[in-house]
1. Among 9, 81, 47, whose Cα lies farthest out toward the positive end of the dipole of region 8-82, if unit charges sit on the beta carbon of Lys, Arg (+1) and Asp, Glu (-1)?
2. Specify the angular offset, from 0 to 90 degrees and rounded to the nearest 10, of the alpha carbon long axis of helix 121-131 from the longest principal axis of the alpha carbons in the chain.
3. Using the Cα centre as the reference, give the magnitude of the dipole from point charges on the C-beta atoms of region 110-160 (Lys, Arg: +1; Asp, Glu: -1; all else neutral), rounded to the nearest 20 debye.
4. Quick check: the distance between the Cα centres of region 9-75 and region 122-146, to the nearest angstrom?
5. Can you compute log10 of I(q)/I(0) for region 55-144 with the Debye formula, treating each Cα as one identical point scatterer, at q = 0.16, 0.17, 0.18, 0.24 Å⁻¹?
6. Determine the order of 75, 102 by accessible area, beginning with the largest, at a probe radius of 1.4 Å.
7. Using only the alpha-carbon atoms of the chain, report the extent along each of the three principal axes, biggest first, to the nearest angstrom.
8. Heavy-atom accessible area of residue 131 with all protein chains present, probe 1.4 Å, nearest 10 Å²?
Amino acid sequence: MQCLYCDCTESKVIDSRSADDDRTIRRRRECVGCGRRFTTYETIEVTPVLVVKNNGTRQAFNAEKVRNGIIKSCEKRPVPMAVIDGMVADISKQVYNSMESEITSKQIGEMVMERLKKVDEVAYVRYASVYRSFKDISSFLAELKDMMKEREGEARRGRAKDAGKEGKNE
């Protein structure tokens, strides 16, 4: 680290502490050349991930946009803000952990719908209706029928699992 005062490149760290919710390290340094002190901050360098929109334009990934979309779909639903924040954090982590420099808005939309479906079906349908831009009532009904089939399949698997447990307990 180069000293601000004498341009010496050698300094010693006097004090280190975390800042910004443990995302930054604040270091108090003393120049070996002139003895003056200065502060530096060390942060993680985040490589921006670009979102490729349907029209081909690109913009930086913004978790706040994801949050706003989820909040709109969960309006007047019993979904706590902590759950929404958890979904946003999970999606952000998945986007950055993909190690890709670009991701499509379609992929992000699918991530949101996958999580909303588990949390609140009405919020999921609201989000899907905007995201998939249903052209008419029949495409909307087709989505609802798929959800109903999925739910019935899960119920059947649950009953079969319970029946297997009862047979072992006898």
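1. Of 9, 81, 47, it is 81.
2. 70 degrees
3. Numbers: 12 positive and 10 negative charges, 33 e Å.
My answer is approximately 160 debye.
4. 38 Å
5. Once normalised to I(0) and log-transformed, intensities are -0.66, -0.74, -0.82, -1.26.
6. Details: 75 110, 102 75 Å².
Greatest to least solvent exposure: 75, 102.
7. Between the extreme Cα coordinates on each principal axis of the chain lie 77, 55, 31 Å.
8. The accessible area comes out at roughly 70 Å².
The values are calculated or read from the model by the stated rules, or taken from the named source; none is laboratory data. In this text, all values refer to a predicted model and were calculated from it rather than measured experimentally. Heads up, the Cβs are rebuilt from the backbone with ideal geometry, glycines too, and the neighbour counts pull from every protein chain shown. We work out accessible area using only protein heavy atoms, side chains counted, and drop any ligands, DNA or RNA first. Shrake-Rupley method; radii C 1.70, N 1.55, O 1.52, S 1.80 Å.
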